[in-house]
Ligand SMILES: [Zn+2]
């Protein structure tokens, strides 16, 4: 995902890391030896010689070592009138002397549970935890191979955002999309909602016949008259990657394996913007091995989508705010594409290991961009990322446990861990290794890592073992990886990216401050962003006004530039001029990366009442993911 919040976290952690690592190692050894020694071969549903090793995930009620799901058959009716999904989730299961199987649910209305041998099972739903939801416990016996859960969603199902026609780009038909990461899939499908549990799935959706529905699966490219569509995901994925979008959608092809879904008025713009997608895919394969998901499409969602993108397999979900008209923000597509390896092939086993998904992906994204557009380009991305990281470390606190790569999120919402630390510190860790071992050797290591661990999950401890055995043992010099993984801040041996292009920008800023003259520049989006970031928060209104007149920042169609300028406007007091544009932006866009700094700047500059007034109007247009962050920020 490309999201990154910059929230301040509530609590510090004080763990004895050595003993935790030792315990995990002992546990792993025990699990491995148990697995080689099946308890009873008479048990009909004990059929898996290759039962995966499951990590202990504190964010799921399921107990996969006893009973786990392998395949989902989902049948849902999408009802825009009542804004509910109704239907059944049927799972193939494997159990090991277990008398129950446990699912995660949150804010679902469960009406009935059946199995291959029992037409009415007496299930139980446990008490509700505000973060985790409720466990659904279903009794099973040795003959149980399949369970079916009959259910419907509720208005509180946080994964779903139901949009009225006027909240879409074309304003013709309503729209629905889901966002599963981190633990929201359980709010629209009862499931074993742990990233370490992989399932394949089939789905049948019944939707209004004038709309099209797509999923993270094989997809239709045209509407049919019945409104009934079927989908297939044949590669095993964790539940957070099950996704659906329904709306006024059309498909356009880019290359043999790539294409775009969008509302009709956005389709041509999107096809132009993402025109290099097939090339990106080829560049990615050249770096780290074959693409194993067959198709790679992108759906451009309404502006309410809370993230830049979400790497739902075969179909990246993307914000329209990356359509800049000049292909300048497509690093985001490279990022989501890179997740097809890091995240979707090799998946963080728990949300404490989130950096394994995002650190690898940021590193990989910049390698794709370098391959396509050169190192001048990727260096700018790296330096902007480094600035974000410094800002986040400052914000969280240099000694805070949340600046470790390995997180301790037990008892907290895993969304708290989705900061620049996982992304940028994670990528810097890999750059440090690349610098140490040389690019050629490091690329081979990464390629092998994806290949040997494909369709599996990875804990931080298992990664450290893998790294020790397959790379670090080749070095005479000791590399202190604990300083990265289990210690705070930015380590001393980290590499600080450099960019010649940005040096020119810094000269231009100095020149402007001296002369108050704003000449024309033929710059990229990234250079403009660096320019705005370099301006002091003390800049007088008159200087802001000169820049605004020369460069039209306040009315920029480029969302990154506009958002950076609006934040600077609030911090310098120029927002008295600009507040209409800021309000319009906040009402239209739901991407959390933009919302959080803008609302925060308003609060910090004594304008909380304005922030609250805008938020009150904008909130129905935001997804629950953004709402949750902003409700906290605004003390609601
Ligand atoms: Zn990501």
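Key figures for this structure:
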| item | result |
| --- | --- |
| Which numbered condition residue 364 fails, given (1) part of a strand (DSSP E or B); (2) within 16 Å of the ligand (Cβ to nearest atom) | (1) |
| Residues located in region 251-270, provided they are buried (at least 18 other Cβ atoms within 10 Å of the Cβ) and in contact with a strand residue (DSSP E or B) (Cβ under 6 Å, 6 or more places away or on another chain) | 251, 258, 259, 260, 261, 262, 266, 270 |
| Scan of region 604-636 for residues that are closer than 19 Å to residue 567 by Cα and either surrounded by 17 or more Cβ atoms within 10 Å (Cβ to Cβ) or touching a strand residue (DSSP E or B) at 6+ places or on another chain (Cβ under 9 Å) (or both), ordered by number | 607, 610, 611, 614, 615, 618, 626, 629, 630, 633, 634 |
| Hey, residue 372 in a loop (DSSP other than H, G, I, E, B) and either within 11 Å of the ligand (Cβ to nearest atom) or closer than 21 Å to residue 296 by Cβ (or both) or not | no |
| Hits in region 468-481 (condition: surrounded by 15 or more Cβ atoms within 10 Å (Cβ to Cβ) and out of contact with any helix residue (DSSP H, G or I) (no Cβ under 8 Å at 6 or more places or on another chain)) | 472 |
| Test: residue 567 is at pLDDT 95 or above, buried (at least 21 other Cβ atoms within 10 Å of the Cβ) and not in a loop (DSSP other than H, G, I, E, B) | yes |
| Residue that is in contact with a strand residue (DSSP E or B) (Cβ under 6 Å, 6 or more places away or on another chain) and more than 19 Å from residue 467 (Cα to Cα), where the choices are 403, 392, 347 | 392 |
| Tally, over region 456-472, of residues that are touching a residue at least 40 places away in the same chain (Cβ under 8 Å) and more than 18 Å from residue 194 (Cα to Cα) | 1 |
| Qualifying position, being away from the ligand (no atom under 13 Å from the Cβ), surrounded by 22 or more Cβ atoms within 10 Å (Cβ to Cβ) and on the phi < 0 side of the Ramachandran plot, among 333, 323 | 323 |
| Selected residue (criterion: nearest to the ligand (Cβ to nearest atom)) from residues of region 294-320 that are assigned to a strand (DSSP E or B) and in contact with a helix residue (DSSP H, G or I) (Cβ under 6 Å, 6 or more places away or on another chain) | 309 |
| Neighbours by Cβ (under 6 Å, 6+ apart or cross-chain): first from region 483-494, free of Cβ contacts under 8 Å to residues at least 60 places away in the same chain; second assigned to a loop (DSSP other than H, G, I, E, B) and surrounded by fewer than 19 Cβ atoms within 10 Å (Cβ to Cβ) | 483/491 |
| Condition broken by residue 428, with the remaining ones in (1) in contact (Cβ under 8 Å) with a residue 60 or more places away in the chain; (2) away from the ligand (no atom under 16 Å from the Cβ); (3) over 17 Å from residue 348 (Cβ atoms) satisfied | (2) |
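Yes/no matrix, rows are residues, columns are (1) over 30 Å from residue 143 (Cβ atoms); (2) within 16 Å of the ligand (Cβ to nearest atom); (3) modelled with pLDDT under 95; (4) in a loop (DSSP other than H, G, I, E, B):
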residue: 12; (1), (2), (3), (4): yes, no, yes, yes
residue: 23; (1), (2), (3), (4): yes, no, yes, no
residue: 27; (1), (2), (3), (4): yes, no, yes, no
residue: 39; (1), (2), (3), (4): no, no, yes, yes
residue: 55; (1), (2), (3), (4): no, no, no, yes
residue: 76; (1), (2), (3), (4): no, no, no, no
residue: 94; (1), (2), (3), (4): no, no, no, no
residue: 102; (1), (2), (3), (4): no, no, no, no
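Residues are listed down the side, and each one gets a yes or a no for (1) in a loop (DSSP other than H, G, I, E, B); (2) closer than 21 Å to residue 239 by Cα:
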| position | (1), (2) |
| --- | --- |
| 156 | yes, yes |
| 162 | no, yes |
| 166 | no, no |
| 180 | yes, yes |
| 183 | yes, yes |
| 193 | yes, yes |
| 197 | yes, yes |
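The values are calculated or read from the model by the stated rules, or taken from the named source; none is laboratory data. Just so you know, these numbers come straight off a predicted model, no measurement behind them. Because the Cβ atoms are built from the backbone with ideal geometry, glycine has one as well, and the counts that use them run over all protein chains shown.
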